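First up is the structure itself, then whatever we jot down about it.
The values are calculated or read from the model by the stated rules, or taken from the named source; none is laboratory data. The model shown is predicted, which means the values in this text are computed figures rather than measured ones. A quick note on method: Cβ atoms are made from the backbone with ideal geometry, for glycine too, and the neighbour counts reach across all protein chains shown. Please note that ligands, DNA and RNA were not included when accessible areas were found on the heavy atoms of the full protein model with its side chains. Shrake-Rupley method; radii C 1.70, N 1.55, O 1.52, S 1.80 Å.
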2 protein chains.
Amino acid sequence: MDSRRGFLQKFILPAITLPFLPVSGWAKAPFSTQQTPQGPVLRVAIMGLGGYGTRVADAMQACKNAKLVGVISGTPSKIKAWQAKYGIPEKNCYNYENYHQIKNNPDIDVVYVITPNALHRDHVIGAAKAGKHVICEKPMAINAKQGQEMVDACKQAKVKLLVGYRMHFEPRTLEVIKMRNNGEFGKIRFFQGLCGFKAGDPNQWRLNKELAGGGALMDIGIYALNGARYMVGEEPVWVTAQETKTDPVKFKEGVDETIQFQLGFPSGAVASCLSTYSMNNLDRFFLNGDKGFAEMQPSTGYGPIEGRTHKGPLTQPVVTHQTVQMDEMAGIILEGKQPLVPVDGEEGLRDLKIIDAIYQSVKSGQKIKLQV
Amino acid sequence: MDSRRGFLQKFILPAITLPFLPVSGWAKAPFSTQQTPQGPVLRVAIMGLGGYGTRVADAMQACKNAKLVGVISGTPSKIKAWQAKYGIPEKNCYNYENYHQIKNNPDIDVVYVITPNALHRDHVIGAAKAGKHVICEKPMAINAKQGQEMVDACKQAKVKLLVGYRMHFEPRTLEVIKMRNNGEFGKIRFFQGLCGFKAGDPNQWRLNKELAGGGALMDIGIYALNGARYMVGEEPVWVTAQETKTDPVKFKEGVDETIQFQLGFPSGAVASCLSTYSMNNLDRFFLNGDKGFAEMQPSTGYGPIEGRTHKGPLTQPVVTHQTVQMDEMAGIILEGKQPLVPVDGEEGLRDLKIIDAIYQSVKSGQKIKLQV
């Protein structure tokens, strides 16, 4: 898509189209694949125009029921670029000083907060106080205390708070969850989630404790944790965790490189998880029950998710996760639909409570009892 | 093989052969597939004629350099059956009262102890004192203290002590180890070993603390532990462990049903292991390095071992593990050959030290430092 846009910009648009269309118009035309809506359309402003924000914006071009209509950013040049690329009108563009005025903008339904983790709390609460529903990227915050404040603020403001758990809408993941609910795996005994990659740029915000609130666990380990919960289908009652650091220069105090953690569930099922910023090839889920199993690899990457169960390969449609997520979230926010796996603030808060306990267990070396 | 023997016994032998041959002779003829030796032949007496002893005896019929020549058992009917099946002369048959007389038998080189775990110490020391080399089935004993006594006793008696680690001779396992030694996986980062099955008969000796010395960890979890060591290629420096019990009737006090344990290695590599008597489909190894990976499933079952690396499937020959083990052990005992992965008493003792620490960590909830 990038190279196609580059080609269009260089050779066609300056000569022919530019004189007749505003910048925000021409860019949208070749890029958008917007579908005919099937129900009310959720009008979304994205806050934070970084790499993942761009991924969401691109994916939304194929949405049926959600539409990117606004942006909030501290970088004017990014706003200009997004206006051009996605056809966003000037009146829907905000910065961090004036975004509270979004309250007076009837053309925006929801703010999707995609800023660094440590800023989520203030940004979500700010959007809620402006009377807008909020979608917050995971992790919802950097600890459970913040998460609770966010849940409370959204409740008080009477707006919905959702967390960007894209896997909760991924067809092959949902198929495994449905099979589990149908008893096709029998009694669930074991889940294993190995999630990690080698973190690149040492100067990225994800390796800055102040902005990230932690390290790999906050960013990628949370997929194993959240996955353990939606794959086993229970809430854990204990956790133990062990940290290993091989590169203390890159992964400074408070920024975890590798954490192994284990969860115990009320049924007696157990989970074994790995969160790491220093290994390749780690995107693996394995769910084991008395009657069968599921294994997925990749399990939480952007796709396609590949996997099989004891009955054979998972063959559900390959989708762009964020496209499906935003269409489904439109139904949740505008029509009160209930997803199979929750994506609300309470769901995000449960992960934060367990993350708190994982860091606590790393420090104390003790098994931590959980009440989530 | 069984049905072939059945056929031979019913229709041919009674009429023709039986009058002319002693029982021990005719049975050996149709059963044995003994190969032409390539070097000195190790003459083996098996102590303990249970299920696994029978498996070893059957596998030995195809050995080139090892030969089953004697038995030690407390059950006269079993001795008779083995004499008939494997052609074992009366003079090489012992019971637990008189087996020390094996000292005076020049036709036996080694005693392979395949009795319940808690009896290994006395049986190994007994055989050593009778001047025979000893092969001891894993786990070598029920704790490191016993293991040390066995190592010391064999050293004092100037006999060799080997442990029945059949995987140390399995061609596909060895291929992965060789690839690691050649640096083909790069820096090793992670090993995962999931080893378990559903324990059947609640009255089997393996579920009796007095005889087994523990539960799943002693019997099947040791494969994950030993595998972690030979796959990572280092000795662990710490271990943490968590126990889960869902069936305290079947798995009584001191008999572990499910234990998760984690190991840390000097290089910073970590291992995540599962030992269980209550799950199916658990025979999986995964080794992950900076440049590549290996995965095996089944990884430690009787075979065939199946697996692949980042370079493609493992295609080394499928072998009967115990056949290769005994041929290789003949070379180690009689010719002083050095295996790629050790199988001596010290190797068995290292696993016992870590097993002790795993049980200690389960009890204390603490990370245990290791010196193995």
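Details
- Proximal lysines to residue B:245, defined as alpha-carbon separation beneath 19 angstrom and excluding residues fewer than eight positions away on the same chain: A:187, A:367, A:369, B:198, B:209, B:363
- Inter-chain neighbour count for A:190-199: the average number of beta-carbon atoms from partner chains within 10 Å of each residue's beta-carbon is 3.
- Peptides A:231-240, A:328-337 ranked from most to least packed, by the mean per-residue count of other Cβ atoms within 10 Å: A:231-240, A:328-337.
- The length gained by stretching the chain between residue B:204 and residue B:316 to full extension, at 0.36 nm per residue less their Cα-Cα distance, is 36.8 nm.
- Taking every alpha-carbon pair under 8 Å whose residues sit at least 6 apart, chain A reaches a relative contact order of 18 percent.
- Where the protein assembly as shown is the region considered: accessible area per residue in Å², 1.4 Å probe: 40
- Segment A:233-372: relative contact order in percent, alpha carbon pairs under 8 Å with at least 6 residues between: 26
- Copy B relates to copy A by a rotation, and the B residue whose beta-carbon is nearest that axis, with the distance in whole angstrom, is B:272, 3.
- Electrostatic dipole magnitude of the protein assembly as shown [Cβ: Lys, Arg +1; Asp, Glu -1; Cα centre; debye, to 20]: 580
- Placing unit charges on each Cβ (+1 for Lys and Arg, -1 for Asp and Glu) gives chain A a dipole about its Cα centre, and among A:293, A:251, A:190 the Cα reaching farthest toward its positive end belongs to A:293.
- About the Cα centre, charge dipole magnitude for chain B (Lys/Arg +1, Asp/Glu -1 at Cβ), debye: 380
- Using a 7 Å Cα-to-Cβ projection, residue A:80 label spacings across copies, nm, ascending: 10.0
- Listed peptides A:195-201, A:215-221 by packing density, highest first (mean Cβ within 10 Å): A:215-221, A:195-201
- Averaged over the residues of B:260-272, the number of partner chain Cβ atoms lying within 10 Å of the residue Cβ comes to 5.
- Ascending list, in nanometres, of distances separating the residue B:149 label from those of the other copies (7 Å, Cα toward Cβ): 6.2
- For B:278-288, mean number of other protein chain Cβ atoms within 10 Å: 5
- Net charge over other residues, Cβ less than 9 angstrom from the Cβ of residue A:239 (K, R count +1; D, E count -1): +2
- Placing a label point 7 Å from Cα along the Cα-to-Cβ axis, residue A:253 is separated from the same position in the other copies by 4.7 nm, shortest listed first.
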